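The block underneath contains the structure these notes are about, expressed in structure tokens.
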Amino acid sequence: MRPLAALAAALLVAALTPTARGATTVTFPYQDAKLLAPGEKNGGLAYLAKGVEGADEPVPVVVFLHGLNDRGLVHFWYGLQNYDLRPLVDDIVATGKVRPFVLAAPSQTVRATALSTIWTDFDLDTFLDATEAALPAGVAIDRDAIVVVGHSGAGCNPSGGLLGLFSPFVAAKPIGVVAADVCYDASTGATLGAMPVGTQVVAYYQPFTWWRDLDQFRAAFDKQIDREPGRMGSIVIEQKNSADPHNVILERALRETLPALLPIEAPDPYP
């Protein structure tokens, strides 16, 4: 049975907005009273890439957790005075190497300027329920094809975000966790390295604008990966500087990991 929060979301009318490229953006309530400032609403957002609507089977979901939100933007990273991930999603799906997917993101505008309070107690199960309830009729989520991406501060709070994804009470087990330039230290390494067997963890790091002790992270990360057969993890270090390396590395992470995590299966030549 779905949690009450998801059932309540299902009873509310979500806002559907067609985009210029023919895909659809859906906004919906998700813990608005807790995560948004007074007067703000519909903090959840889902972007349905081309091919999602009309699919004859459940589709993957990429859950994106934004970092510190100093300007208090609802739908951070969706084009309001900020980067917009939707054209990037279009480009990735257009390569023909990735299953069409839903990019879904909660928003946090209160207590979102400190690493110790962002995404505290984020619950993946309830967010997936709220997302699916808001999707257009006929679109279903493939719960065996969930990827969670966290950028910057989304991978810093020991009690939330990427670092709080898994517990005995969480049913969803992502096939991939992508850490894009998060807090890299021994504690983070131990937590990310201890993800369940079957979850591929990829950590992206750039040293140009935010130095962290990657050696400590790597030692703790590798130790946890090696403790249990079947755990999968890797670290990618950006070697090329740019005008905005902290944000550019997120684009690289998405372009590189999604084709590997959500590949389109080649047709069987001998059916």
- prompt: Considering only protein heavy atoms, what per residue accessible area in square angstrom results for the range 146-236 with a 1.4 angstrom probe?
  reply: 39 Å²
- line: Yeah, the range 105-171 with a ≥ b ≥ c from its alpha-carbon gyration tensor (a/c under 1.5 is rounded, else prolate when a/b outruns b/c, oblate otherwise) is prolate
task: Provide the per-residue ³J(HN,Hα) series for the range 172-184, in order, calculated from phi with Karplus coefficients 6.51, -1.76, 1.60 and θ = phi - 60°, each as a whole number of Hz, with x at glycine and proline positions.
output: 5, 10, x, 7, x, 10, 10, 9, 9, 6, 9, 6, 9
task: Quick one: grab Rg to one decimal and Dmax as a whole number for the range 100-239, Cα atoms only, in Å.
output: 15.3, 48
query: What ranking, highest mean first, results for peptides 109-116, 227-234 when packing means the other Cβ atoms within 10 Å averaged over each residue?
result: 109-116, 227-234
Radius 15 Å from Cβ of C156, net charge of other residues (Lys, Arg +1; Asp, Glu -1): -3
query: Want the number for A140 to T209: 0.36 nm per residue separation, take away the alpha-carbon distance, what's left?
result: 20.8 nm
- prompt: Which lysines does K50 reach when only Cα atoms under 29 Å apart count, and residues fewer than 8 places away in its own chain are ignored?
  reply: K41, K97, K173
message: If I model a spin label as a point 7 Å beyond the Cα along the Cα-Cβ vector, how far apart are those points for K223 and Q239 in nm?
response: 2.9 nm
- request: Could you state how much accessible area I175 has, in square angstrom rounded to the nearest 10, with a 1.4 Å probe and all protein chains kept in place?
  value: 40 Å²
- prompt: When only DSSP loop residues count, what chymotrypsin sites (Phe, Trp or Tyr not before Pro) in the range 108-171 have their Cβ near at most 15 other Cβ atoms within 10 Å?
  reply: F169
- line: Under the helix-only model (-39500 (n - 2.57) for each DSSP H run of 4 or more, divided by the residues of the chain), the mean residue ellipticity at 222 nm, to 500 deg cm²/dmol, is -7500 deg cm²/dmol
field: Heavy atoms of F221: accessible area, 1.4 Å probe, square angstrom to 10
entry: 0 Å²
field: Spin-label pair E256/A37, simplified geometry with 7 Å Cα→Cβ offset, distance in nm
entry: 3.6 nm
- prompt: Over the Cα atoms of the range 173-271, how large are the radius of gyration and the largest Cα-Cα distance (Dmax), in Å?
  reply: 15.2, 52
Cα gyration tensor, the range 39-138 - rounded (a/c under 1.5), prolate or oblate: prolate
field: Cα pair distances exceeding 23 angstrom across the chain, given as percent
entry: 51 percent
- line: So the FRET efficiency between V170 and A190, C-beta based with R0 = 22 Å and rounded to 0.05, is 0.75
- line: Other residues with Cβ under 13 Å from the Cβ of L68 give, with Lys and Arg +1 and Asp and Glu -1, a net charge of 0
- request: Write down the percent of antiparallel bridges among all DSSP beta bridges whose residues are both part of the chain, to the nearest 5.
  value: 40 percent
message: Let's test the formula: R0 of 30 Å, r as the Cβ-Cβ distance of S159 and A94. What FRET efficiency results, to the nearest 0.05?
response: 0.20
Distant-in-sequence amide H partners of G233 (H built 1.01 Å from N, under 5 Å): V201
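The values are calculated or read from the model by the stated rules, or taken from the named source; none is laboratory data. All values derive from a computational prediction rather than experimental measurement. Glycine also receives a Cβ, built like all others from the backbone with ideal geometry; neighbour counts cover every protein chain displayed. Areas reflect the complete protein model, heavy atoms only, side chains present, ligands, DNA and RNA absent. Shrake-Rupley method; radii C 1.70, N 1.55, O 1.52, S 1.80 Å.
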